[in-house]
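The values are calculated or read from the model by the stated rules, or taken from the named source; none is laboratory data. What you see is a predicted model; the values in this text were computed from it and never measured. Don't worry about glycine lacking a Cβ; one is built from the backbone with ideal geometry, like all the others, and counts go over all protein chains shown. When the accessible area is computed, the model is the full protein with side chains, heavy atoms only, and any ligands, DNA or RNA have been set aside. Shrake-Rupley method; radii C 1.70, N 1.55, O 1.52, S 1.80 Å.
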Amino acid sequence: MTENYEVVVVGGGAAGLSAALVLGRARRHTLVVDAGEPRNAPAAHMQGYLSRDGMPPAEFLAVGREEIARYGVELVRDRVVDVGRDGDFTVFLAGGRTVRARRLVIATGLRDELPQVEGLAERFGRDVLHCPYCHGWEVRDRAFGVLATTPMSVHQALIVSRWSKDVTFFLHEVAEEELSDDDLRRLAAAGVKVVPGEVADVTVEDDRLTGVRLTDGTTHDREVLFVAPRAVPQTDLLRRLGAKLRETPFGAYPVVDETGLTTVPGVWSAGNATGFAEQVVNAAAGGYRAAATINGELLMTDLDAAVRV
């Protein structure tokens, strides 16, 4: 039997739970479908979220689930495998359940693909990091490395120099001639050492990153390595629904308005599903905006229908 909801939220991270909280408090019959794969799972703590600074991501999500349950929001641990539309939306779950919804919030986030360097995955979120705003304070004044994957990695090397004056920029897959004169001047002004050559792996002793080894065998002592993972947006459902996407250097993301409304009527998106740089606090705000807009839109739709009767 198909169950009917006013809103189905796809994704149970910060954006999805925030949307669900607002919808629940607005007395909207809401279902959250959570595949249980948050982007920040490798991190021990999240930073930069006022009043939640330093909170473990798993604890943050657990508290969020408790909060939405108070307002009657249902959460199911499952995955949406397809969506159809014939007026309302039909949502098909991997576990075999089928539900109907008047509106959708797609908060499926993205997946980080690390460079193919031995040892990175095992240290990711510990001393192999990607975001200085998330982790820079905790590793400040240590010996930093930055692994270049594109010439845009120069920006990362310059930014992390705010947290340490000992920064080495490993060009890895980037040729020296790909760096502009401005890049080289800025790196020099920031005191960043530039090392050409491909990185083979990282060295670890006593469960601590101790260095970066090049393919020529030379090793550079480092305590922290910043990398820029390749962002893989989870946009399958949006594509199936026919949402227009925009190409960026960090993948293709849906075209949305200021509330998160996509080009598909009735479908909103929030969090990392809308962009690479959305931190937890931004994702939560995006979910809030989308939910408040949906509630108002449903209200006016129903009132207008009542007037026409």
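Just a few scattered comments:
- A simple charge model with +1 on the Cβ of Lys and Arg, -1 on the Cβ of Asp and Glu and nothing else charged puts the dipole of the stretch 209-309 at about 240 debye relative to its Cα centre.
- Cα-only radius of gyration and Dmax that characterise the chain, units Å: 22.1, 79
- Length-normalised contact order of the stretch 138-288 in % [C-alpha pairs under 8 Å, at least 6 apart]: 17
- Once the C-beta distance of residue 97 and residue 300 is scaled by a Förster radius of 30 Å, the resulting FRET efficiency is 0.50 to the nearest 0.05.
- Across the stretch 106-193, the relative contact order, built from alpha-carbon pairs under 8 Å that are at least six residues apart, equals 25 percent.
- Here the label points at residue 201 and residue 277, each 7 Å from Cα along the C-beta direction, are separated by 3.6 nm in the simple model.
- Between residue 70 and residue 176, the distance separating the two model label sites (each 7 Å from Cα on the Cα→Cβ line) works out to 6.1 nm.
- Positive-end residue, the stretch 22-100 charge dipole about Cα centroid, Cβ charges, pick of 89, 57, 35: 89
- Cα gyration tensor category, rounded, prolate or oblate, for the stretch 12-140 with a/c compared to 1.5: oblate
- Counting only DSSP beta bridges whose two residues both lie in the chain, roughly 50 percent are antiparallel.
- For the chain, the dipole from Cβ point charges (+1 on Lys and Arg, -1 on Asp and Glu) about the Cα centre works out to 1200 debye, to the nearest 20.
- For the stretch 86-157 versus the stretch 4-47, the spacing of their alpha-carbon centroids is 17 Å.
- At the residue level, residue 63 shows approximately 50 square angstrom of accessible surface with a 1.4 angstrom probe and all protein chains present.
- Considering only the stretch 101-252, percent of DSSP beta bridges that pair antiparallel, nearest 5: 50
- Förster radius 45 Å - calculated FRET efficiency between residue 216 and residue 165 (Cβ-Cβ, nearest 0.05): 0.95
- Averaging 1/r over each pair of different alpha-carbon atoms in the stretch 186-258 and inverting the result gives 16.2 Å, the Kirkwood hydrodynamic radius.
- Our coupling estimate for the stretch 289-306, obtained by passing each phi through the Karplus curve with A = 6.51, B = -1.76, C = 1.60 and θ = phi - 60°, is 4, 4, 5, 4, 5, 4, 4, x, 5, 5, 4, 5, 4, 5, 5, 5, 5, 5 Hz, Gly and Pro reported as x.
- Percentage relative contact order, the chain, counting C-alpha pairs under 8 Å, at least six apart: 21
- Spatially, the stretch 238-309 and the stretch 159-179 are offset by 37 Å when compared through their Cα centroids.
- Distant-in-sequence amide H partners of residue 194 (H built 1.01 Å from N, under 5 Å): 169
- Taking the Cα centre of the stretch 34-147 as reference, the dipole from Cβ charges on Lys and Arg (+1) and Asp and Glu (-1) amounts to some 320 debye.
- Of the two radii for the stretch 140-190, the radius of gyration is 0.94 times the Kirkwood radius, both from the alpha carbons; that is the Rg over Rh value.
- A simple rule links phi to the HN-Hα coupling: the Karplus curve 6.51 cos²θ - 1.76 cosθ + 1.60 with θ = phi - 60°, which for the stretch 136-148 gives x, 4, 5, 10, 4, 6, 8, 7, 9, x, 10, 9, 7 Hz, with x for Gly and Pro.
- Site pair residue 41 and residue 142 shows an inter-label distance of 2.3 nm when each label is modelled 7 Å from Cα along Cα→Cβ.
- Stretching residue 255 away from residue 308 to a fully extended chain increases their span by 15.8 nm, per 0.36 nm per residue minus the current alpha-carbon distance.
- Treating r as the C-beta distance of residue 2 and residue 118 and R0 as 41 Å, the FRET efficiency rounds to 0.25.
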